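The block underneath contains the structure these notes are about, expressed in structure tokens.
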Amino acid sequence: MAAPDPYERPHRPGGADADTPDDRRGAIRLAALRLFAGQGYRATTMADIGAAVGMRGPSLYKHVASKQELLAEIMISTMERLIEASQEATAGADDVREQLRRAVEAHVRYHARYGLEAFVGNREIGNLEQPNRDRVLRRRGEYERGFRRLIERGLAKGVFDVRSARLASYSILDMGIGVAAWFREGGEFSADQLAYQYGDLALRMVTATAPASRPSSG
């Protein structure tokens, strides 16, 4: 029996029968996302993307200039969403341990629910052209520094104990990124259950005294 395709789950509605220009562009972007994930950016042509949404060249180019434009849009919006989700998750907490937990939970939830974007964002960075590559890398740096600052605050307060806040932040981020490759809805854990457990793991990684785990149901 063939293994399930880890990149078959879209998260945006849309299709070739979309009615408005925005809907049609959304359908094109979704088709590109699926193709980039399934066969890679370099192997995907604009003709492939057009065929996936039932458009030929002239019609397709009314909505998007190039597949590079689509790749940049996907990758930049992915990083902006991750940054926004992390900021929203930590805004209501004062305790640095709880802030780190919530940031990790948001990180894992995104990678569980939007595996296509996460996969393409990590695999195709080398195919992103300037200046968009630098734009994405700056956002990645900003996102990582948010985790690092939390760990540095915990170190200053004496509740965390690691040699390198940078290394700890990289490890936590990598741990969550891997979720995009294997998580399936309907599996052993829901996205929320997985996020709670990864929050515990992250706190143990920085040798904090972890708060009691959240309920495993949900």
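Taking amide hydrogens as placed 1.01 Å from N in the peptide plane, the amide H of TYR61 sits under 5 Å from that of no residue at least 5 positions away in sequence or on another chain.
Can you tell me the relative contact order of the chain? Whole percent, Cα pairs under 8 Å, sequence separation 6 or more.
On the way: 260 pairs, mean separation 49.0, N = 218.
Reported as a whole number, the value is 22 percent.
Okay, helix-only estimate at 222 nm for the chain: each DSSP H run of n ≥ 4 adds -39500 (n - 2.57), divide by all residues, round to 500 deg cm²/dmol; what do you get? Kindly include the intermediate steps, with their values, before the conclusion.
Details: 10 runs with 140 residues, N = 218.
Helix-only estimate at 222 nm: -20500 deg cm²/dmol.
Compared with the dominant Cα axis of the chain, that is its longest principal axis, helix 132-157 is turned about 10°.
All of the numbers you see were taken from the coordinates with simple rules; none came from a lab. Everything numeric in this text was worked out from a predicted model, so none of it was measured.
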